[in-house]
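Would you mind keeping the following structure in view while I ask a few things?
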Amino acid sequence: MVGLVRVVSNAEMVKEEERQEALQRQAAPLLQGLAAHLRRLWEPALEAKKPIEEQMLRALRQRNGEYEASKLAEIRKQGGSEVYMMITETKCRAAESWMRDILLDSGELPLGVDPTPIPDLPPDVQARVHEEFANKVINTIQQSGMAPDSEVMEELKEQAEDDIKSELMEEAQETADRMLRKIKDQFVEGGLIEGFSEFLADLTTYPLAWIKGPVVRRQRKLTWKPAGNGAFTPQVDEVLAPTYCRVDPFKMYPEPGITRLPEGYLFEHHRLTRSDLSDLIGVPGYDEGAIRQILAEMPYGSMGNWMWSAEMTKAPLEGKYATWMRPTEIVDALEFHGKIPGRLLREWGMTEEEVPDEAREYDCNAWLVDRWVIKATLNYDPLGLKPYYCTSFFKKPGSLYGSALPDKLEDIQQMCNAAARALSNNMGIASGPQVEVNIDRVPADEQITSVYPWKIWQTTNDPMGSGQQAIRFNQPDDRSQPLMMVYQHFTKLADDQSGIPAYIYGDMQVGGAGRTASGLSMLMGSAGKGIRQVIMYIDADILGKLGAAQYSWNMRYIDDPSIKGDAQVVPKGAVVLANREQLNVRRLEFLQATANEFDMEIVGKPGRAAILREVSKGLSMPHDEIVPSKDKLEMQEKLMAAQQQQQMQQMAQTPQANIQFQRGANGEVQGANVFPGGQPMGGQEGNTVTNRATGRS
């Protein structure tokens with residue numbers, strides 16, 4: 001019998017070769033050792049997160065207005081109302097709105113880029129200082145006719161340095177402003193504004209809220225290309241650009257026992273669809289062959305759904321139902337950021353050039369999908385920073401995790417719920433009488449389970465002759481007022497515990513100082529002290545670090561010298577909160593106070609324009625359209641100077657006029673400007689000047 005020969009196409013052969021190459025790479029000691037090391041680190045991080053997950057699930061249920069299963073079983077065992085008062089949700093939503101109003105009021109994050117206060121003078125600038133100093137010495141000699149002494153020379157040298165430093169500061173500020181515009185544009189295009197809004201919701205709810213970035217991802221943009229005859233055709237371009245996003249707190253697993261992120265390693269859990277994986281193809285640092293093999297093996301290449309139980313518990317609380325029926329193929333992936341000993345890297349096959357010191361630990365970034373390591377690189381950030389930033393609404397000293405509003409309000413929420421349930425039950429019981437029926441004196445066919453107006457009760461004679469009533473009505477006591485007082489007392493405590501008083505979000509039932517507009521303003525200012533602490537956490541842990549990371553990324557990878565300089569990113573969220581009510585009022589007052597010729601001579605048009613620009617910004621007006629830029633102002637100044645010079649030249653070329661006087665019929669002195677030839681200026685009729693008061697010129 002002749003054997004069959006299998007015929008394979010070229011495409012299949014290429015795929016098989018790619019598969020074998022990917023398997024060989026994955027079988028290398030480096031990747032095998034790294035995968036085993038990551039699994040060892042993952043287990044303690046997963047175990048340490050379990051109590052935090054329970055805390056976060058309680059917070060999510062509390063905000064959604066759902067009882068814990070054990071508590072709900074107790075309530076149903078006793079019977080009665082299952083009402084849940086949404087105290088926590090109201091406070092969380094108010095805190096979110098308050099922070100959004102502070103941090104996203106203008107549609108962009110409150111950041112600034114400021115140049116360093118004292119600029120260094122490089123050699124070329126030192127040459128400019130010497131040149132300016134020489135010019136000042138020459139001018140002094142020309143004006144005084146004698147050489148300046150040593151004291152004057154020292155003053156001239158300081159003036160030259162101050163002038164050059166002032167020019168450098170102006171140039172540095174312009175460079176910093178361009179860098180700030182670039183960073184804000186990258187934040188908008190990279191999705192930070194949307195992610196930051198979601199981050200604020202996490203911050204009010206969970207013990208720790210997270211933001212990630214800058215992470216280079218493939219982005220698709222719609223552009224328009226000219227097609228001739230004034231027409232344009234749409235074209236989709238793909239670019240690699242820095243992006244930002246909010247990270248689900250349930251998917252973050254830091255090393256157990258750390259108090260700050262730089263102290264230890266960190267895992268992020270990803271649930272990747274086929275589209276997510278395919279988008280990683282071509283991104284620098286990712287193993288394209290391994291990714292293609294995972295796509296070929298899906299869904300069998302998953303990690304055994306090791307997060308399935310947590311996902312099943314959390315999904316309904318987020319409004320996601322029947323997630324187990326989702327037809328999209330998904331694989332679990334772990335992203336690792338942390339240090340790995342140089343000794344292990346050497347053992348796994350890295351060279352001495354890549355790992356110069358075995359005793360040191362090296363920051364690494366790796367992605368693990370089942371048995372596949374799809375990314376393994378050293379962290380080339382100059383400071384070895386991870387692209388993650390986190391903070392808490394209430395911080396706990398010595399702990400990475402803090403607490404949020406649901407944690408602070410848990411006991412108060414339970415007391416309000418208990419009072420509301422008791423109130424509901426009491427109102428139901430006290431809404432009508434309790435009926436006592438002697439069934440021995442009621443006919444068998446009498447309906448005793450319903451009571452309605454004008455009902456006639458049929459009774460029989462008392463067989464015992466006791467003389468007791470067959471039917472008696474008892475009215476239960478109404479305890480609604482004491483229960484309402486209990487409920488109101490604990491809602492007031494919720495204001496104090498959360499730092500989010502009710503009048504912040506529209507409750508006008510304010511007593512004492514809050515009865516007047518000025519008093520209410522003072523109360524709101526005092527309430528702002530609590531939220532100011534949270535804003536300071538966001539400034540220090542999130543905005544400042546995000547801006548610094550994007551600034552560093554731009555300095556390294558953006559080929560634009562006009563934005564690069566010695567500067568630092570400054571978060572201004574707390575400044576906005578402190579000054580938002582008074583700042584623009586003070587600016588308007590300053591604008592009015594300097595509206596005089598003396599101050600204008602000092603400030604000049606550029607300074608006046610800067611004040612107008614900041615005032616218009618604070619009023620949410622189009623300041624770029626209202627106030628010209630510095631370059632436009634300089635251009636206008638040059639144009640006006642040229643026009644004045646041209647007018648002066650024209651006047652200098654005009655012949656000198658003679659003035660002839662004559663006395664009119666009424667005795668008034670009249671004068672006419674005429675050219676030397678006798679022709680009146682301005683026409684034949686001339687320009688007549690009359691002094692009616694004195695009759696004299």
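Within region 356-399, considering only strands (runs of 3 or more DSSP E) that don't extend past its boundaries, which have at least 1 residues that are open to solvent by 20 Å² or more (accessible area, probe 1.4 Å), more than 18 Å from L280 (Cβ to Cβ) and among the acidic types (D, E)? Explain how you work it out, then say what you get.
Numbers: elements: 361-369, 372-378, 388-391.
Correct list: 361-369.
Further question on the same structure: Hey, can you tell me all the residues within region 228-237 that are in a strand (DSSP E or B) and either surrounded by fewer than 10 Cβ atoms within 10 Å (Cβ to Cβ) or in contact with an Asp or Glu (Cβ under 7 Å, 6 or more places away or on another chain) (or both)? Break it down stepwise before answering.
From region 228-237, those in a strand (DSSP E or B) are 228, 231-237; that's our starting set.
Matches in region 228-237: G228, A231, P234, V236.
Also, I was wondering about something else. Looking at region 322-355, which of the residues that are among the charged types (D, E, K, R) and assigned to a strand (DSSP E or B) is most open to solvent (accessible area, probe 1.4 Å)?
Checking each candidate, the answer is K339.
Right, here's the next one. Please specify each residue of region 238-284 satisfying the condition of being hydrophobic (A, V, I, L, M, F, W, C), in a loop (DSSP other than H, G, I, E, B) and either open to solvent by 20 Å² or more (accessible area, probe 1.4 Å) or within 26 Å of Y401 (Cβ to Cβ) (or both). Reasoning before the result, please.
Narrowing region 238-284 to residues hydrophobic (A, V, I, L, M, F, W, C): 239-241, 245, 247, 250, 252, 258, 261, 266-267, 272, 277, 280-281, 283.
Adding the requirement that they be in a loop (DSSP other than H, G, I, E, B) leaves 258, 280-281, 283.
Passing the criteria: I258, L280, I281.
What single numbered condition from (1) closer than 26 Å to S424 by Cβ; (2) at pLDDT 85 or above fails to hold for G506?
Unmet condition: (2).
Here's another thing I want to ask about it. What single numbered condition from (1) touching a Phe, Trp or Tyr at 6+ places or on another chain (Cβ under 9 Å); (2) modelled with pLDDT under 80 fails to hold for A322?
So A322 meets the others, but not (1).
Okay, next question. Condition check: open to solvent by 30 Å² or more (accessible area, probe 1.4 Å) and either on the phi > 0 side of the Ramachandran plot or modelled with pLDDT of 85 or more (or both). Does R58 satisfy that? It would help to see each step written out before you state the result.
Working: open to solvent by 30 Å² or more (accessible area, probe 1.4 Å): yes; either on the phi > 0 side of the Ramachandran plot or modelled with pLDDT of 85 or more (or both): yes.
Yes.
Of the residues that make up region 144-162, is at least one in contact with a Leu (Cβ under 8 Å, 6 or more places away or on another chain) and within 30 Å of A45 (Cβ to Cβ)?
Within region 144-162, none of the residues are in contact with a Leu (Cβ under 8 Å, 6 or more places away or on another chain) and within 30 Å of A45 (Cβ to Cβ).
Among the residues that make up region 402-415, is at least one of them open to solvent by less than 50 Å² (accessible area, probe 1.4 Å), within 23 Å of the chain's Cα centre (by Cα) and β-branched (V, I, T)? First the steps, then the outcome.
Step one: filter region 402-415 for residues open to solvent by less than 50 Å² (accessible area, probe 1.4 Å), giving 402-407, 409, 412-413.
Those left that are additionally within 23 Å of the chain's Cα centre (by Cα): 402-406.
Then drop every residue that is not β-branched (V, I, T), which leaves none.
No, region 402-415 contains no residue that is open to solvent by less than 50 Å² (accessible area, probe 1.4 Å), within 23 Å of the chain's Cα centre (by Cα) and β-branched (V, I, T).
Now, a different point. What pairs can you find where one residue is in region 262-277 and under 23 Å from D541 (Cβ atoms), the other is of a type in the set (V, I, T), and their Cβ atoms are less than 8 Å apart, with a gap of 6+ or different chains?
If the second residue must be of a type in the set (V, I, T), the pairs left are G264/I258; E268/V247.
Is there any pair linking a residue in region 137-166 that is open to solvent by 70 Å² or more (accessible area, probe 1.4 Å) to one that is among the basic types (K, R) and modelled with pLDDT under 70, with Cβ under 6 Å and at least six apart or on different chains, and which?
Here the result reads none, with nothing in region 137-166 linked to a residue that is among the basic types (K, R) and modelled with pLDDT under 70.
Among residues belonging to region 448-471 that are within 25 Å of G79 (Cα to Cα) and among the polar types (S, T, N, Q), point out the one that is most open to solvent (accessible area, probe 1.4 Å). Reasoning before the result, please.
Step one: of region 448-471, the residues within 25 Å of G79 (Cα to Cα) are 448-452.
Adding the requirement that they be among the polar types (S, T, N, Q) leaves 449-450.
Details: T449: 117, S450: 43 Å².
My answer is T449.
For S620, work out the one condition from (1) open to solvent by 50 Å² or more (accessible area, probe 1.4 Å); (2) modelled with pLDDT under 75; (3) part of a loop (DSSP other than H, G, I, E, B); (4) under 22 Å from A172 (Cα atoms) it doesn't fulfil.
Going through the list (1) open to solvent by 50 Å² or more (accessible area, probe 1.4 Å); (2) modelled with pLDDT under 75; (3) part of a loop (DSSP other than H, G, I, E, B); (4) under 22 Å from A172 (Cα atoms), S620 breaks only (4).
Quick check on my filter: what residues within region 66-83 are outside any helix (DSSP H, G or I) and under 22 Å from G319 (Cα atoms)? Steps first, please.
In the first step, residues of region 66-83 are kept if they are outside any helix (DSSP H, G or I); the result is 66-68, 79-83.
E66, Y67, E68, E82, V83, listed by residue number.
Taking the conditions exactly as written (assigned to a helix (DSSP H, G or I), charged (D, E, K, R), open to solvent by less than 50 Å² (accessible area, probe 1.4 Å) and modelled with pLDDT under 90), does D541 satisfy them or not? Spell out how you get there, then give the answer.
Details: assigned to a helix (DSSP H, G or I): yes; charged (D, E, K, R): yes; open to solvent by less than 50 Å² (accessible area, probe 1.4 Å): yes; modelled with pLDDT under 90: no.
For D541, the condition - assigned to a helix (DSSP H, G or I), charged (D, E, K, R), open to solvent by less than 50 Å² (accessible area, probe 1.4 Å) and modelled with pLDDT under 90 - is not met.
Continuing with the same structure: List the number of the failed condition for K182; all other conditions in (1) assigned to a strand (DSSP E or B); (2) open to solvent by 30 Å² or more (accessible area, probe 1.4 Å); (3) over 24 Å from I535 (Cβ atoms) hold.
For K182, the exception is condition (1).
Checking the conditions here, which among L378, L317, L385 is touching a residue at least 12 places away in the same chain (Cβ under 8 Å), in contact with a Leu (Cβ under 6 Å, 6 or more places away or on another chain) and within 28 Å of L272 (Cα to Cα)? Lay out the reasoning, then the answer.
Numbers: L378 fails: in contact with a Leu (Cβ under 6 Å, 6 or more places away or on another chain); L385 fails: in contact with a Leu (Cβ under 6 Å, 6 or more places away or on another chain).
The unique qualifying residue is L317.
More than 30 Å from M85 (Cβ to Cβ) and open to solvent by less than 60 Å² (accessible area, probe 1.4 Å) - does that describe any residue in region 477-495? Break it down stepwise before answering.
If we filter region 477-495 for residues that are more than 30 Å from M85 (Cβ to Cβ), which is where we start, we get none.
Looking through region 477-495, none of the residues is more than 30 Å from M85 (Cβ to Cβ) and open to solvent by less than 60 Å² (accessible area, probe 1.4 Å).
The values are calculated or read from the model by the stated rules, or taken from the named source; none is laboratory data. Small disclaimer: the values here were computed from a predicted structure and weren't measured. Neighbour counts run over all protein chains shown; Cβ positions are idealised from the backbone, glycine included. Note: areas computed on protein heavy atoms with side chains; ligands, DNA, RNA excluded. Shrake-Rupley method; radii C 1.70, N 1.55, O 1.52, S 1.80 Å.
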